[in-house]
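In what follows, a single structure is set out as structure tokens and then discussed.
The values are calculated or read from the model by the stated rules, or taken from the named source; none is laboratory data. If you're wondering where the values come from, they're calculated on a predicted model, not measured in any experiment. So basically every Cβ, Gly included, is an ideal-geometry build from the backbone, and we count neighbours across all protein chains shown.
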């Protein structure tokens, strides 16, 4: 119980440290930290419209965080979320405008499914390369990001381009749009459902047990009769599906079409979300809402408190640093314990 509490407290303290450090940076830049953070809250949580904007920003972050966290459970590091996301966004857009005459109850899930399957297929490629040739997924997913970005740009500019000077696909049919409930995007609640499904799969199914077994010790998992190669391929495929679903929701619920560059960076932010959530599928939700609130309120900070828009990026980077180096955060929990750890790991015990 105490260990679980401490694991929960570490990311909370990491966020607090990042916000405090950000306040110092804001003060040094000549602005008021109090006014800046008040403007951040006003722009992200003050009314239903700002809350809706925060949840809109958080939706692809939930899916990107789930993609990275899910792969982590099998001991895999999927850095290809950006490429998988843009493929999902493009294919969902193509199905959304290319098929007409379908009712909403069929067209919307069909476009989502098409985008998700495209991402799963793209995510399976590094899984197959690792299982068959031993190629490290970090290298292959990074390389495939560039391939995906250039391929989707070509498809959007040559194959599915809307007539005009801007490179983008035509607007999707209204029957493929994900609705809003007042100011709240329905896509966010879909992402929450997916997070609970991932949590259940990993916690309560045989397949989830096999994934975690491979992540803990692939040799022992293989000895126990688990097909490590199959788990690696399937895990990377599901990870790609999750990232692509975030892109599909973005296309169908926010942008209404695929436009190159609009989703830039969303896939990479999934790494921050997953680390902040300690790779727990349910913890991904509040982590994504936090980052989404910072992005939604960043413009208000700039307008009301004269804060540079890069400040929110700095705070996010600080959160990542503090979470990724928990020894710095644990100092606030137990200075003695941290000192002992530092001595043992740095100098060796005498």
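Observations, loosely collected:
- Matching residues, segment 259-278, being within 11 Å of the chain's Cα centre (by Cα), under 14 Å from residue 323 (Cα atoms) and part of a loop (DSSP other than H, G, I, E, B): 277
Conditions (1) at pLDDT below 80; (2) touching a helix residue (DSSP H, G or I) at 6+ places or on another chain (Cβ under 7 Å); (3) surrounded by fewer than 22 Cβ atoms within 10 Å (Cβ to Cβ); (4) over 30 Å from residue 200 (Cβ atoms), marked per residue:
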{"residue": "284", "(1), (2), (3), (4)": "no, yes, no, no"}
{"residue": "298", "(1), (2), (3), (4)": "no, yes, no, yes"}
{"residue": "324", "(1), (2), (3), (4)": "yes, yes, yes, no"}
{"residue": "331", "(1), (2), (3), (4)": "yes, yes, yes, yes"}
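- Among (1) within 25 Å of residue 171 (Cα to Cα); (2) crowded, with 20+ Cβ neighbours inside 10 Å; (3) modelled with pLDDT of 80 or more, the one test that residue 274 misses: (1)
- For segment 217-255, the set of residues classified as more than 23 Å from the chain's Cα centre (by Cα) and assigned to a helix (DSSP H, G or I) consists of 218, 219, 220, 221, 222, 223, 228, 229, 230, listed by residue number.
- Within segment 61-75, being surrounded by fewer than 24 Cβ atoms within 10 Å (Cβ to Cβ) and assigned to a helix (DSSP H, G or I) holds for 72, 73.
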